[in-house]
Each structure stands twice: as C-alpha cells, then as structure tokens.
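Chemist: Quick one: the structure is below, and I'll ask about it shortly.
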Amino acid sequence: MARVWNGTEVAVDPVLSMSVAVIGYGNQGRAQALNLRERGVRVSIGNVDDGYADQARADGFSVLPIASAGEQADLILYLLPDEVQPAVYREQLAPVLHRGQVLSFASGYNITYGFIQPAQDLDLIMVAPRMIGRGVLDLPREGRGFPVLVGVEKDVSGRALEVAVALAGAIGAAFPGGCIVESSFREEATIDLFSEHTWAAATVYLLKTCCEMLIDAGVSPEAAILETYASGELGEIGKAMAELGLVGQMRLHSHTSQYGQLLWGDRWLAAGARQLMREALEKIQDGSFAEAWHREQEEGLEEFRHRWGELLETDLFTKEEALYRRLGRVASRQAEPTKTPER
Ligand code: NAI
C-alpha cells in the first residue's frame, strides 16, 4: 500500500519559507498560485506576454519572463501544457536553473518518457492534483480538499519528499476531503494515460453507439440523447461513486436497474475488452503511445484533426446540435477546438 497523508499529518511549513515561481498561469497555474498566496507564500509568475499574463497582473501578481522567474525562485512549479514544456524547458529554463532549487511538475509525462531531462543537481518532484484547475481553486475556498499524488524523481537536498508533501498541502490537499498519496512520475503517467485510453475513451464511444442504436430503433433523438448523457445523470452517478463506492452507488438505483446492471455488467468485459485494456497498458508502459503522440505533433497533427473531423461528421451530432440549440447549450460541433501547441 502507498503512504497517505491527510489533515494535520500534513506539514506545510517547509514551503512557507520558500520563494515560489509558478511558470504558466492557466488551469493549474492560476489556481495553485492563488492558493499558495492565500497561505502566505511568496509567489511570482513566469509567463509569456499573453492574455494569461494579463490575468495574473489583474490578480495582483508580478509577472516576469519565464527564465527570470525560474532563476530567482527556490521552488519552481512548471505548469505549462505538457506539449509545450520540453521546448520551453530546453530554451529558457535549462540555462538558468541551478543547484539548490526544486523543480516541480503536475504530471509525470515528460520526465517518464524522457522529453525533459533536467540537470542532475536539481530536486525533482511531482505534485499532481487529481482535480481540474477550477476545483483546485474553488474547493479550498469552501474549506474542502482534493487528492494529490506526490513523487520524487531526484532528491539532492534530502528533503524532496518533505517539500512535495508540503506543497501538496499548501495548494489545498490538507483540507477535509483531501489526501496526499505517495506515487511516482512513472505511476502517474501510466494511470493518467490508462484512464484516458480505456474508460474515458470507451465511455464516449459507447454512449455514442447507444444513442445511435436507440434512434435507429425508433426512439426520438431528444429522448435518446437526454437519456444517455444530456440529462446530467451520468455526472450525478460519478459523484455518488466517489461518495459511496464504485458499486455502492448502485444502491441508489431502482431494484429493476440493479438487477439489469448485475445481469449485464460482466458480459461487456467478455467481448475482448480485457484484451484491449492490456494492449493499451502495454503501449503506455513501453512508451510507444508517447512516441506516436510525439511524432503526430512533429508531423503537424494531421491524424489528430482527421479523427476529430470524422467523429463530428456523424449524424448523431446533427441531432445533438438541434436539441442543444433548443436547450440553449453548446453542442459538440460548437465546442471550442482543442488548444494545440504552437510550434
Ligand atoms: P494550460 O493549458 O491551462 O496552460 C496555459 C499556460 O501555458 C498559460 O500560462 C500560457 O501562457 C502558457 N503557454 C501556452 N503555450 C505556450 C507556449 N508556446 N510558450 C510559453 N507558454 C505557453 O495548462 P494546464 O491545463 O494548467 O496544465 C499544466 C500542467 O498541469 C500540465 O502538466 C498538466 O498535465 C497538469 N495538470 C492539469 C490538470 C488540469 O486540470 N488541466 C489537472 C492535473 C494536472
């Protein structure tokens, strides 16, 4: 079992005396910077001069060029998008970082797959919230915490784990409901990618197929889409899983529903799903997924865009668009395109 810290077991003091540079003021950067400042930590922001930098200044932070912010701080939170991190690290941070500093990542990806290879004399830690940026900001304001995985890749000072736990606590994991779990860069990268390639991918494509099949069987698109995902019931079930356990939440469903789920659940795994999961895990562990994604970016994201186009062309999304227009919502085809790295 992994080591777990919560509540008063979490000592945030080691971070209170450090100067912190938050590199990147996006989803995680803004939330973590504001939470640290709230706890009395000295924070400066390192950012390119864009709208995110304007937001940081509007929030009352001083914004420095990335290299200057990194050079001056004891603790550097590297919170740029994963695709952007390697080039910015190579060109702006590597030349200025020095012995005695702690470099922290919120994801294990770039270190695990070798896209960033920091100098030997830095402490290298991971503080990875299992929470979107909005939750990292809002939950502590309501006195609630969230889970964070921490890991140490390099411990030059002998205090790297202590600093990682303190940082996790200071951004909000020590509040009730939160916890800090000892992990590693490799473990975090593996579970993150595994979730994305298995249940997250399967859920979207399975729900899509369910809708299409119901509509083909004569059900109205409105009823099919609302029943399958647009009602928000799925989100409520997700919340109940966190509170009552994966199958404990089934007690909230009717007996008819419980019987149906118990009857059918296992059969979905019989049809090759386990084999596919194993294949997904192997491609994550041997690095072939990371290699393919790196190549895709180098080659201009042609397949990425093609797959998006093909998916959105499906007839279901014409029907979704009509329903969502009447409900005043943003449909799949209108949702903002994914931010892709500038190169
Ligand atoms: P984000 O996409 O919100 O980052 C935006 C920031 O990146 C802005 O400050 C922008 O100025 C900067 N930026 C974008 N392109 C740039 C470029 N070419 N050069 C220099 N700066 C550039 O990033 P997000 O989602 O906060 O992710 C940061 C880290 O946190 C990643 O390692 C991610 O895996 C991790 N993480 C993210 C979570 C989330 O909720 N989004 C959850 C847990 C971890």
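The numbers here are math on the coordinates, done by the rules we state, and not lab data. From a predicted model like this one, the values you see are computed outputs, not experimental measurements. Neighbour counts run over all protein chains shown; Cβ positions are idealised from the backbone, glycine included.
Chemist: Taking a ≥ b ≥ c as the square roots of the eigenvalues of the Cα gyration tensor of the range 8-166, is the shape rounded (a/c under 1.5), prolate (a/b larger than b/c) or oblate? Write down the numbers at each step before the final one.
Modeler: Numbers: a/c = 1.40, a/b = 1.09, b/c = 1.29.
The shape class here is rounded.
Chemist: So, one more: Test of understanding: ordering C179, C211 by Cβ neighbours within 10 Å, fewest first, what list do you get? Mind showing how you got there, number by number?
Modeler: Working: C179 19, C211 23.
Fewest-to-most ranking of C179, C211: C179, C211.
Chemist: At 7 Å along the Cα-to-beta-carbon direction for both R278 and A11, put a label point, then send me their distance in nm to one decimal.
Modeler: 4.6
Chemist: Once you order the gyration tensor axes a ≥ b ≥ c over the Cα atoms, which shape class does the range 191-343 get: rounded for a/c under 1.5, otherwise prolate or oblate by comparing a/b with b/c? Mind showing how you got there, number by number?
Modeler: Numbers: a/c = 1.94, a/b = 1.20, b/c = 1.61.
Oblate, since a/c reaches 1.5 and b/c is not below a/b.
Chemist: Let me ask something else about it. In whole angstrom, note down how far apart the Cα centers of the range 285-315 and the range 149-169 are.
Modeler: When both Cα centres are located, 34 Å separates them.
Chemist: Tell me the label-point distance for the pair E91, M1, using the 7 Å Cα-to-Cβ offset, in nm and rounded to one decimal.
Modeler: Label at E91, label at M1, 4.8 nm between them.
Chemist: By how many nm would the segment from A242 to D138 grow when fully extended, if each residue of separation counts as 0.36 nm and the alpha-carbon distance is taken off? Each step should come with its number before you reach the end.
Modeler: On the way: separation 104, 0.36 × 104 = 37.44 nm, distance 1.80 nm.
So the extension gain works out to 35.6 nm.
Chemist: Quick check: net charge around V181, other residues with Cβ under 13 Å of its Cβ, Lys/Arg +1 and Asp/Glu -1? Please list the in-between numbers first.
Modeler: Working: positive: R3, R130; negative: E9, E182, E187, E188.
Combined, the nearby Lys, Arg, Asp and Glu give -2.
Chemist: Just subtract the alpha-carbon distance of S19 and F304 from 0.36 nm times their residue separation and send over the number in nm, one decimal.
Modeler: On the way: separation 285, 0.36 × 285 = 102.60 nm, distance 3.98 nm.
Contour length minus the Cα-Cα distance gives 98.6 nm.
Chemist: Ok, one more. Suppose R0 equals 25 Å; then what is the FRET efficiency for T314 and E233 from their Cβ-Cβ distance, rounded to the nearest 0.05? Can you show the working numbers first?
Modeler: Values: r = 23 Å, r/R0 = 0.91.
Given R0 = 25 Å and the Cβ-Cβ separation, E is 0.65.
Chemist: Using a Förster radius of 45 Å, what is the FRET efficiency between T198 and R42 based on their Cβ-Cβ separation? Nearest 0.05, please.
Modeler: Values: r = 41 Å, r/R0 = 0.92.
Efficiency, from the Cβ-Cβ distance: 0.60.
Chemist: Restricting to lysines 8 or more places apart or on different chains, can you count the pairs in the chain with Cα atoms under 26 Å from each other?
Modeler: Working: K154/K283; K208/K239; K208/K283; K208/K319; K208/K339; K283/K339; K319/K339.
Step by step, the pairs that qualify in the chain add up to 7.
Chemist: Arranged by the count of other C-beta atoms within 10 angstrom, fewest first, what order do E142, E212 take? Numbers along the way, then the final one.
Modeler: Working: E142 8, E212 17.
Final ranking by Cβ density, sparse to dense: E142, E212.
Chemist: Right, another one. Give me the distance in nm between label points sitting 7 Å out from Cα along the Cα-to-Cβ direction at L161 and V84, one decimal.
Modeler: 3.4
Chemist: Once the piece of chain linking M213 and Y52 is laid out straight, how much longer is it, given 0.36 nm per residue of separation minus the C-alpha distance between them?
Modeler: My answer for the length gained is 53.6 nm.
Chemist: Based on other C-beta atoms within 10 Å, arrange D155, D286 from fewest to most.
Modeler: Numbers: D155 16, D286 10.
Ranking D155, D286 by Cβ neighbours within 10 Å, fewest first, gives D286, D155.
Chemist: Under a GNM of the chain (C-alpha, springs under 10 Å), which listed residue has the highest mean-square fluctuation: R295, R305, R326?
Modeler: R326
Chemist: Which whole-number percentage describes the relative contact order of the chain, with Cα contacts under 8 Å and a sequence gap of 6 or more?
Modeler: Details: 486 pairs, mean separation 49.9, N = 343.
Dividing the mean separation by the residue count of the chain yields 15 percent.
Chemist: Test of the criteria: in the range 1-110, which trypsin sites (Lys or Arg not before Pro) are in a DSSP loop and have at most 12 other Cβ atoms within 10 angstrom of their Cβ? Present the calculation step by step, with values, prior to reporting the outcome.
Modeler: Numbers: sites: R3, R30, R37, R39, R42, R57, R90, R99; in loops: R3, R39, R99.
Qualifying residues, ordered by number: R3, R99.
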